[in-house]
1. Return the pair list, or none, for Cβ contacts closer than 6 Å from residues in segment 101-122 that are in contact (Cβ under 8 Å) with a residue 12 or more places away in the chain and surrounded by fewer than 16 Cβ atoms within 10 Å (Cβ to Cβ) to residues that are assigned to a helix (DSSP H, G or I) and basic (Lys, Arg), at least 6 apart or on different chains.
2. Could you tell me which numbered condition Leu132 fails, if it satisfies all but one of (1) more than 19 Å from the chain's Cα centre (by Cα); (2) surrounded by 15 or more Cβ atoms within 10 Å (Cβ to Cβ)?
3. Go through segment 165-184 and give me each residue that's over 26 Å from His227 (Cβ atoms) and away from the ligand (no atom under 14 Å from the Cβ).
4. So, Thr151, is that one open to solvent by 10 Å² or more (accessible area, probe 1.4 Å) and either within 12 Å of the ligand (Cβ to nearest atom) or outside any loop (DSSP other than H, G, I, E, B) (or both) or not?
5. In segment 11-35, which residues are buried (at least 16 other Cβ atoms within 10 Å of the Cβ) and within 24 Å of His231 (Cβ to Cβ)?
6. Within segment 38-87, count every residue that is assigned to a loop (DSSP other than H, G, I, E, B) and open to solvent by 10 Å² or more (accessible area, probe 1.4 Å).
7. Mind checking whether some residue in segment 298-313 is without any contact (Cβ under 8 Å) to a residue 60 or more places away in the chain and crowded, with 20+ Cβ neighbours inside 10 Å?
8. Those residues that are in a helix (DSSP H, G or I) and within 12 Å of the ligand (Cβ to nearest atom), I need them from segment 89-117; list them, please.
Amino acid sequence: MAKTYRRIDTQLVHAGTPEPRILGAVALPIFQSANFEYAGESGYDAIRYIRLNNTPNHLALHRLLAAIEHAPAALVATSGMAAISSTLLSVLGAGDHLLAQNCLYGGTFELIASDFPRLGIEHTFIDGDDPLSWQAAIRPNTRAIYVEAMTNPLLEVADLRAVVRFARDCGLISIIDGTFASPVNFHPIDVGFDLVVHSATKYLNGHSDIVGGAVIGSTELIERITHRMNHLGGSMDPHAAFLLYRGLKTLALRVRQQNQSALTIAKFLSNHGAVTRVNYPGLETHPGHARARELFEGFGGMLSFELEGDTERAERFMYGTRIPIVAASLGGVETLLTRPATTSHAGMSAEQRRQLGISDRLIRLSVGVEATDELIDDFAQALGSYQ
Ligand code: PLP
């Protein structure tokens, strides 16, 4: 019987390892082989082939991700968007309707708003905080509800328990993007979600050197998504799988450091005279604070803020820092700064961003694992020269 482990720290180091270890190797080697010798497999999905996501590197990741997300099954994908699109296209078809939170990651937002209508898949964007309005938006052909654990870039926390209750009452499949929280801070399956998706590019891998995705849930749903992804072709390359498996080993260490550092930086920024607004669920002033406290074990490493002045001044601040890198993406060991209006949310119109409260001068910060005091000194000097 496969060994099981109680705590996430132990699971991250040991869960998923082939038993017995392959030739005794302590680190799981890369199986860079497209195909494998026929071993009597019956059925298309069982033949060993990289596109079918079932080589030893994939299977180790599936076991590990299922363990840390407290679910029976998991599937990796070539990117977060491959995981999200394959998942949604497995539970929705032409003539179906989706309820989706209105402040989603830009790529997901565009997939639902621009691509799905061409496939005959309808949607309504909903306010994650207003369960009464969901009732008004539901239709006889609604099949699923899709939300994010914390929204990008405002770090709002929807009424996630109400989403689960609503989905159960209405017979919908509930799907959550857990990327921003990571499994160290939040276990959506324990709260009752049917499926969790991740951009593994971010915290799960943590080293900004691959793109990857994952979906985790029941055996039945993951089998459905696997079959669909086998046709859509969104499988993960074995080398990326090797790196993701290695990156995951330090997930808990990284995320706990990032939680602590982000909270300290959020407090520093909110006390600084040049900062007019800080969005971080760990701050008592954040509207999602009570909910985040109840649902999450940590508040995460992401925050966003606005400075006095215009967009050009925000840019001057970003380029006036020495340690952070001005770059899109998040969740790596290095601290990153970006303006969502030019990166993650560039696909939305200015009016859509305005309605959601994403101003052009909003700066998003992904806190890395550098020394917190050195980051704060750097922000202080960049804010000082900005004033
Ligand atoms: N979900 C969230 C919350 C994201 O921030 C991103 C990317 O930034 C994605 C999904 C898409 O992931 P990927 O870039 O790995 O396709």
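The values are calculated or read from the model by the stated rules, or taken from the named source; none is laboratory data. From a predicted model like this one, the values you see are computed outputs, not experimental measurements. In this analysis, Cβ positions are derived from the backbone assuming ideal geometry, glycine residues included, and neighbour counts consider all displayed protein chains. In case anyone asks, the SASA skips ligands and DNA or RNA and just uses the protein heavy atoms, side chains included. Shrake-Rupley method; radii C 1.70, N 1.55, O 1.52, S 1.80 Å.
1. Short answer, once both residue conditions are applied: none.
2. The number of the failed condition is (2).
3. Restricting attention to segment 165-184, the residues satisfying the condition of being over 26 Å from His227 (Cβ atoms) are 165-166, 169, 180-182, 184.
Selection gives Arg165, Phe166, Asp169, Val184.
4. Numbers: open to solvent by 10 Å² or more (accessible area, probe 1.4 Å): no; either within 12 Å of the ligand (Cβ to nearest atom) or outside any loop (DSSP other than H, G, I, E, B) (or both): yes.
So Thr151 fails the test.
5. Once the filter is applied, which keeps residues that are buried (at least 16 other Cβ atoms within 10 Å of the Cβ) and within 24 Å of His231 (Cβ to Cβ), segment 11-35 yields only Phe31.
6. Within segment 38-87, the first condition is being assigned to a loop (DSSP other than H, G, I, E, B), and the residues that meet it are 38-43, 47-48, 53-55, 69-72, 78-79.
Then drop every residue that is not open to solvent by 10 Å² or more (accessible area, probe 1.4 Å), which leaves 38-43, 47-48, 54, 70-72, 78-79.
Qualifying residue count for the region: 14.
7. no
8. Within segment 89-117, the subset in a helix (DSSP H, G or I) is 89-91, 106-117.
Once the filter is applied, which keeps residues that are in a helix (DSSP H, G or I) and within 12 Å of the ligand (Cβ to nearest atom), segment 89-117 yields Gly106, Gly107, Thr108, Phe109, Glu110, Leu111.
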